[in-house]
């Protein structure tokens, strides 16, 4: 039987119960009403007529006047039409006879006739009073019987309705509760439960569908569980065998996994640490705190490992997964969400040692080259002196080329020495409060001869009353000289180079702009890398590829920024800023 049919039958049954109770109550109320009406209709009217006639007898003497006799006769007639009780008719006849005799009798017979009339009135009154009492008793019995039957009907109706109210909702609620419990079990991956209903209704059909779904889910779980376990073990084996230290956190900040190397570096027990809160662990482990919440942007960590100081490169990757969370509006909240983070410590000790060896080698070679180069320059100067002999034009040109190459080698060795100081952390800056104009004028004087040789005009735009800067004058001027030298190298003859110096917020900005061929955008991001050189057309001699890299190190060491703006055919503009002296 369908649920809809059961509901209709249930509520139909309730309707019949309520209707039956109403009909029973209505029947007994009508019976009581009828009995009450009979009392009022018959006996009460007779008593009213008798009372009216007694008043006439008490207040008037016989024979009565025509008007009073007419009133008495009328009540007498109404009483004759309202005879309902046994013996009431005989009393009425006696009453009527006495009245007629009183109207026609002489004075001697009046007293006897009045007594007979009063006796007849009393007789009729007694009969009706007894009748009223008897009928009242019958009405009371009917009322009591009605109350009893109505109470019985009300009790039965209450019992039936209460039983229906208690049991009938369970017909719908109990299966729903079973479904709810079964669904919660499914959410806990309990695929062995089953639902059984024998009511042959929609709940039975739904239970069959639910059981079928559970079977399919169980099959899917069994088919994929072993595969998932295998994949998990393989991933754990890969993580454990990796040469890098790896730490994984879930979205709640709990340790999800870590390999043996990570546990060894942090002196932790990898079996006990999994599942614990990383925030609490950081309070006890300083290295873990440096990994998860580093205080600086430096990604290189120096850790004592393998009985020596080792260097590790910290990498952090956030785990992003698809997000299928649905808001109250049934709409997709986000396309993805974070499921945690993975921290990787790559051991770069070997590369750090090689880099230091390279830096030391470059510093040593550069230092050793400066001495013979200085001797070569001195020898060239002596050869150019006419006191040791005159040279022909071809010999002079050869000496000029040798001098240019030796100057170039000397510049490269100086740059290599500066670079080695930066890489080894031995860069020493001598800060001093100075005017920006002094730095610019120093750099312009250094390249003025080079500019005059190509007839290039150096245009200086410098704001007045600029605030001082706290900087290393020689290093900052060296950067400007490097900018100007490059600008002069790539500018055509009789052109110009513009130097701008102005204040921007709490910084002083220096810029050198040429109007040469410009730099392709694909090379601009690498200009400040070490040893990088922009490809040339062969007309301009390229440098060592260290000048801009060293310039970047100098400016950043002074808390400044350096950048380039360039476009093909429009020239290049190299800029840097220094903070205003506080």
- line: Turns out the strands (runs of 3 or more DSSP E) fully within the range 466-582 with at least 3 residues that are farther than 15 Å from residue 436 by Cβ and within 54 Å of the chain's Cα centre (by Cα) are 561-567, 571-579
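Of the residues 113, 128, which is closer than 16 Å to residue 46 by Cα, touching a helix residue (DSSP H, G or I) at 6+ places or on another chain (Cβ under 6 Å) and either modelled with pLDDT under 80 or part of a helix (DSSP H, G or I) (or both)? Spell out the reasoning first.
Working: 113 fails: closer than 16 Å to residue 46 by Cα.
Every option except 128 fails the conditions.
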message: Return the residues of the range 503-521 that are touching a helix residue (DSSP H, G or I) at 6+ places or on another chain (Cβ under 7 Å) and more than 26 Å from residue 492 (Cβ to Cβ); say none if nothing qualifies.
response: 508
- request: Please indicate, with yes or no, whether at least one residue in the range 455-462 is farther than 24 Å from residue 561 by Cα, in the same structural domain as residue 552 (by TED's automatic domain parsing) and without any contact (Cβ under 8 Å) to a residue 40 or more places away in the chain.
  value: yes
- line: Of the listed residues (235, 255, 273), the one being modelled with pLDDT of 75 or more and either out of contact with any helix residue (DSSP H, G or I) (no Cβ under 8 Å at 6 or more places or on another chain) or farther than 18 Å from residue 314 by Cα (or both) is 273
- prompt: For residue 72, are the conditions met, namely being part of a helix (DSSP H, G or I), surrounded by 17 or more Cβ atoms within 10 Å (Cβ to Cβ) and free of Cβ contacts under 8 Å to residues at least 60 places away in the same chain?
  reply: yes
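Does residue 440 satisfy being under 28 Å from residue 532 (Cα atoms), in contact with a strand residue (DSSP E or B) (Cβ under 9 Å, 6 or more places away or on another chain) and either buried (at least 16 other Cβ atoms within 10 Å of the Cβ) or modelled with pLDDT under 70 (or both)? Give the derivation first.
On the way: under 28 Å from residue 532 (Cα atoms): yes; in contact with a strand residue (DSSP E or B) (Cβ under 9 Å, 6 or more places away or on another chain): yes; either buried (at least 16 other Cβ atoms within 10 Å of the Cβ) or modelled with pLDDT under 70 (or both): yes.
Yes, satisfied.
The values are calculated or read from the model by the stated rules, or taken from the named source; none is laboratory data. Remember, it's a predicted structure, so these values are computed and weren't measured experimentally. Every residue, glycine as well, gets a Cβ built from its backbone with ideal geometry; the counts of neighbours run over all protein chains shown.
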